[in-house]
Structures are given as structure tokens and as C-alpha cells.
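A short write-up of the structure that comes next.
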Amino acid sequence: MNIKRLAFIASGAALLTACSSPVKLNDTPVVEKTAAPVATAADPRDVRPVETGSVDPLNDPKGVLAKRSVYFDFDSYAVRADGKAVVENHSAYLNKNKTRKVLIQGNTDERGGTEYNLALGQKRAEAVRKSMTTLGVAEGQLEAVSLGEEKPKATGSSEEAWAENRRADIVY
Amino acid sequence: MKKFNYLIFSVTLLAGAAANAQLRVEIAGVGNNQIPIAVAAFADESVAPAQISAIIKADLERSGVFKVIDAGVAIAETANVDLGQWKARGADALVVGSVQRLADGRFDVRYKLLDTIKSGQLSSLGQSALAKYTRLTAHKIADDIYEKLTGTRGAFATRIAYVNENRAAHDYRLEVADADGESVQVAVRSNEPIISPSWSPDGTKVAYVSFEKRKPVIYVQDLVTGGRKIVVNQKGSNSAPSWAPDGSKLAVALSKDGNTQVYGVNADGSGLRRLSNSSGIDTEPQYSADGQSIYFTSDRSGGPQIYKMSASGGNAARVTFKGNYNISPRVSSDGKTLAWISQRDGGYSLYAMDLASGQEQRLADAATEPSFSPNGKYIMYATKGGGRTALAVVSVDGRVKQRLTTQAGNIREPNWGPFMK
């Protein structure tokens, strides 16, 4: 009870000081620093917006950044036409958000040797990394690595599974 | 004829295998000109946890070099044996021995190898072993028999490292076992993939690649203490570790400069230097037996082929020319034979090449990740079949094949360890 009363008195006093102030409010931001924050709420019908921080488009499940995989043809290490938008969208985001870093993980299908596949997966990751660098993303924001054939998204030995696993993923 | 042999050997080996076997050996063919050898049960061998004579018999049979004759009786090394009688039964040699439990709990194992043709003793051995090392003692006796009768050092007492993985359960293990797949010990357990184990030349450490940091990083682990450290973790991928024969450094494959290239690094992680230089992929470095050269896989000519360069780097000479997919070079300890994987007619096969003549031989199909036994006589590899990956062994002449199978999971990435004291 006492606290509430005190608060009312305090805000009343603040309002009075604000009203009697000879200085125009929009002239000096310095006033805001010295006076209480409520001082600017002179108009009781005014609404002061509160920013909780902008919504990160990265966390929008329906946004373009939700697509993070770039697919490759068999025995190919070039970014396909259908992967260009993915690369561009993430490059634009990284250019706007210079503190964000990504790991580009290259993958291969299960056919062939473990270590050679690791090197082939690296070529895919490297292709994506180079495309992003060309679009202006800083080297320090990108690391191209390979998981080879070790972390397949699709299990099984069908053509569909192999196509799903010839992939580079952009990981934040 | 081959099928007949297969059946007989499978039955004998199953009978001889320990009840808790993790891997099982099957022989799918035997060599010609086998040495007939009779192996007696060792006197009082039931006191030891491992049945010495059964392990010796299994080792000798698996080698494909011997035709084992079950003596049917126990004969101590101290007994007077009528060697003429064993010669009449078709045996060129006879193995006898005994086991005794010592007061301190160890087991004293003694053995003699007798020559029935020259009617004399070829070798003898006496060893006191802790209970857990009685299997090892049996392997050492088999090594001695193999060496005395073939002139080549036996590799039964060596160990293998491999990856046992269950991807669905995110369960990846680096395991160490005896060369026959018994006495399995887990060296690393992880939720992320482990690949490319490589034994240090002294057999106390294993280098390997772990994905636990969301990318491939090279570790070296001391097997005895369990202590491990990162040897190379450069930007990009770090993989394919291979020890120099003197154990002072490793050759590795790194992507720090863009494409995957071969680098050298000291065993403590210092002194990183680039060894290969191409605009494509250079990976899978392997030191030659004398440490002077490095064999590696490169796609500089288009598809992957095997090349050789000086261990200090520089120009490379192409080694493989047939087929357009040749990977995973491994060199025998005598430096004479190259084993590798070649894709021809669709499948991946294990090939061996006599480096002096360039003569090639196809040893096995559905094969990847070869690894020589330290005596150069056998090659272990991973083989896919029935949706699972298992380990198999083939003799370097292609005449003897074995398969190591497990109850569950995929067993891959075998690396055969060195001879140990």
C-alpha cells in the first residue's frame, strides 16, 4: 500500500516537473538522461512502443532461410540452379548479420571409400562457400567442412536416398 | 571341393571359438600345399580360462597355411612321444604342451614343436601369464609355430582396431580386439561418427577422426591411459591420419587451404607443413615401409588414382592406370606390395599390385578400407553384404578368405596393429 502511494506521488511530481520545464522536449535528449523516463509521457493518451528486439528471420519456419540444404547431381560438385536461391538468401542474411557464422557441411552418398567421400563432400561444401564469398559474405563467417558418407539424411541404398544425401547443409 | 573345405573348417572353428565370441571367423576357401600339423590338447589345460590348444588350432587353420590334425589326446611337453607314429598319421609336425596354475594365480604355459620327419624338436616356449593373458599366450605359441614352419613371423598375437557403429542409436565405438576378433575392448564411445583409425608403430596409441565437434577432427589416443588429444583441428576438415614408420609424425589430409591436400604434422601436433600441391583432391596419405615415400589418392587427372611422392613432398608419380576409380592405397611392411580399392565393372574390389613388376591381382569383391597384417601376408577389409558391413580377411595371394561377423551393428574401418613385444 505504502509503496503504491509513493509511486503515485513520485509520478505526479515527475509530471509536474515535466510540465513546468522551460526546455522543449524534442530539443534536447540530454533532458531524458537527467529526468525520469516517464517525463516524456506528458500526453496520457500517448502510446510509447516497446521493442523486444526484431524477429530474426532465421527463426521463421516459413521464411526463405528455413531452407538450408543445397543438393548436387551424381558425381557433381557444382551448385545446381535449384540451390542458388538457398545460397543467395543465406548470403544476404549473413551480409546483414556480420556476427553470425555458419558451418557448411558437405555430404555424399554411401558409394565408394570413406576418406575419398569425405574429400568429395568437402568439394560440395567448398562450392557453396565460394558462392557465398562471391556474394560478399566475409571469410570469417564461413567454414566449409565435410561429413562424407557418415551422416546420411536418408537411409537405404535407393537412388532417392542417394540423391537426398548428395547435399551441403548450412548450419548456424 | 572348395565347398567341402568350407564346411569342414567352419565347423571346426565354431567348435573352437570361445562362447562369448564377438566376431566369428568363417573360411571360404583354403590354400593348396598346406602343412599337415597335429595339435595335441595341452596337459591340464582346463585349469586356464582359455583353452590353449583350441586357440592354437583355430589360429593355424585360419591362416590357411596348415592342415590341422586333431591329436585327440593330451600330450605334455615332457612326455616321450613316438614321432614315427605321428608321421604315419600324416603329420609333418606335432604340437604338445601343458598348463599349470602357479601359486600367485598366474598360469605357466609350456609348449614344444616337434618335427616328425627329422624326428627332433623345432622349438619350445615357456611363459607365465595372468589369467586374462592366457589367450595371448596361445596366440604367441601359434606365432612361434607359424614362424618356425613358414619362415615368416606370425601375426596371431597382434590386434586390430575398427569402428562398431549403430547409426540409428547414435552409437559409435572405436574397438580394439585380438586379430581373431576375440577379447574386444572399447577404446572410444561417441554419439558421433568415428573413422580412419590408425595404430602408432609401437602399438600403444591410435590416431583417428572424430565428428564430435560437428566436423572431422584428428585425435591421438593413448590406449593404455585413455588420455587423448587433438593433433590437428584446422579450419575445414581434418582427416586420414597415417603414422610415419618411426612414430615421430603423421601424414594427414586437410582442407584448410580449400581443397583437400596432404600435410605432415609432428606427433605432438606441432610443425604442420603442406606436402602435396594440386588443384584437386589429394587424400589418404600412407607412408611407404621405409618412410621415404608417401602414397596417396588424387583426382588431379580426373577420377581418383593412386600417386607416390617423396615423404617431404614435391612432385608425384602416378601408380595406378587401369580403371577410373582407384583409392585407399596401403603398402605391405616389406614395401613390395600395394593393396588398394578399384572400381571396375560397377563394384568396389580389393586389388594387390607387385610394385616391382606392376602385376595386378584382384583379391576380393565388395571391399573397402584395406589394411595389411604386419607380416604382410594378409589384408583385412570392410565388406558390405545383406545391408550390413563386416570385416573380412584375404591372404595376399588371394587363396584364403575369412569373414569376421558380429551379432549386430556395422563393423568397418579396420586397421591392423603392429607387432608388439
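Table for the structure above
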read-out	value
Selection of trypsin sites (Lys or Arg not before Pro), segment B:195-230, meeting DSSP coil and at most 14 other Cβ within 10 Å	B:K213, B:R214
Residue with peak Gaussian network fluctuation, chain B [Cα springs, cutoff 10 Å], from B:A79, B:A382, B:A54	B:A79
Chymotrypsin sites (Phe, Trp or Tyr not before Pro) within segment A:35-132: DSSP coil, no more than 15 neighbouring Cβ in 10 Å	A:F74
Links that overshoot a 18 Å alpha carbon limit, given the list A:K62/A:K98; B:K229/B:K308; A:K153/B:K215	A:K62/A:K98; B:K229/B:K308
Bridge type composition, segment B:34-150 - antiparallel percent by DSSP, nearest 5	65 percent
Lysine pairs in segment B:311-421 with Cα atoms under 27 Å, if 8 or more residues apart or on separate chains	10
Nearby aspartates and glutamates by direct alpha-carbon distance to B:K213 (threshold 15 angstrom, same-chain neighbours under 8 apart not counted)	A:E143, A:E150, B:E192
Gyration tensor verdict on chain B (Cα atoms; rounded if a/c is under 1.5, prolate if a/b is larger than b/c, oblate otherwise)	prolate
Neighbouring partner chain Cβ atoms per residue of B:382-391, average, 10 Å criterion	1
Prolate/oblate/rounded label for the protein assembly as shown (Cα gyration tensor, a/c 1.5)	prolate
Cα gyration tensor shape of segment B:34-150, rounded if a/c is under 1.5, else prolate or oblate by comparing a/b with b/c	prolate
Between helix B:2-16 and chain B: long-axis angle, C-alpha atoms, 0 to 90°, nearest 10	80 degrees
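No lab work stands behind these numbers, since they all come straight from the coordinates. Predicted model only: the values in this text are computed from it and were never measured. Quick reminder, even Gly has a Cβ in these numbers, built from the backbone with ideal geometry, and neighbours come from all protein chains shown.
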